[in-house]
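The values are calculated or read from the model by the stated rules, or taken from the named source; none is laboratory data. Note that the structure is a prediction, hence the values are computed from the model and not measured. Ideal geometry is used to build each Cβ from the backbone, glycine not excepted, and the neighbour counts take in all protein chains shown.
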Amino acid sequence: MTALPVVVMGVSGVGKSTIGRGVAQRLDVPYVDGDALHSQHNIDKMARGQELTHADRGPWLDRVGRWLAAHEAGGVVSCSALLRRYRDIIRSHAPDAWFALLTAEPSVLRDRMHNRDHFMPASLLSSQLATLEPLEPDEHGSMYGNDSIDSLVNEIIADAQSP
């Protein structure tokens, strides 16, 4: 059975990389952290505490979508994909992508962000939370709460593979 392309999405600090790696490992498909597909310009901008513009994100989202499309037997990418139009860009390359929206309480997210070594500062969390557009009913995907890593991985795989 061919695995679907999966996008593990959400705001910074929600666990996209951890869950994405877990899903890819269990499905035995390639994984890429969407951060690795950002330009150095975008990384530097976020590291300075500056929000990315839609123009900054466009080429990055194209790279995310092309990466998924290149992995026809399935692949998993972690990517914020905060807006519907961003997910639409990814879907323009990988129309069958399954979006797993991870959520957590803002206090949990802030704690995680303060306790990790990452270019994204906690100061940008509020803007991400304000920007996030939940998945709409016609989008291929589901929302997942703050559960154990194993439970989240199992739920995402079951949901993404169900007809």
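Among the residues of the stretch 130-151, those that are part of a helix (DSSP H, G or I) and either more than 23 Å from GLY75 (Cβ to Cβ) or under 14 Å from the mean Cα position of the chain (by Cα) (or both) comprise ALA130, THR131. Is the stretch 80-93 home to any residue that is touching a helix residue (DSSP H, G or I) at 6+ places or on another chain (Cβ under 6 Å), surrounded by fewer than 23 Cβ atoms within 10 Å (Cβ to Cβ) and assigned to a loop (DSSP other than H, G, I, E, B)? Yes - at least one qualifying residue is present in the stretch 80-93. Within the stretch 51-74, take every residue that is more than 16 Å from the chain's Cα centre (by Cα) and charged (D, E, K, R) and give me the one that is farthest from ARG91 (Cα to Cα). Within the stretch 51-74, the match that is farthest from ARG91 (Cα to Cα) is GLU51. Within the stretch 33-50, the residues that satisfy the criterion of being outside any loop (DSSP other than H, G, I, E, B) and either under 17 Å from the mean Cα position of the chain (by Cα) or not small (Gly, Ala, Ser) (or both) are ASP33, GLY34, ASP35, ALA36, LEU37, GLN40, HIS41, ASN42, ILE43, ASP44, LYS45, MET46. Would the stretch 6-17 turn up any residue that is at pLDDT 95 or above and farther than 19 Å from GLY141 by Cα? No; the residues of the stretch 6-17 include none that is at pLDDT 95 or above and farther than 19 Å from GLY141 by Cα.
If you go through the stretch 16-51 and keep only what is buried (at least 22 other Cβ atoms within 10 Å of the Cβ) and of a type in the set (Gly, Ala, Ser), you end up with GLY20, ALA24, GLY34. Could you tell me whether GLY75 is in contact with a Pro (Cβ under 8 Å, 6 or more places away or on another chain) and of a type in the set (Gly, Ala, Ser)? Considered against the rule, which asks whether it is in contact with a Pro (Cβ under 8 Å, 6 or more places away or on another chain) and of a type in the set (Gly, Ala, Ser), GLY75 comes out as yes. Residue pairs whose Cβ atoms lie under 8 Å apart, sitting 6 or more positions apart in sequence or on different chains, and linking a residue in the stretch 134-161 that is loosely packed, with under 11 Cβ neighbours inside 10 Å to a partner that is modelled with pLDDT of 90 or more and part of a helix (DSSP H, G or I), are GLU136/ARG84; ASP150/GLY22. Here's a check for you: in the stretch 52-72, which residue that is of a type in the set (Asp, Glu) and part of a helix (DSSP H, G or I) is nearest to ARG85 (Cα to Cα)? Restricting to residues being of a type in the set (Asp, Glu) and part of a helix (DSSP H, G or I), the top hit is ASP62. In the set (1) surrounded by 13 or more Cβ atoms within 10 Å (Cβ to Cβ); (2) within 18 Å of VAL23 (Cβ to Cβ); (3) modelled with pLDDT under 90, GLY75 fails one condition alone, (3).
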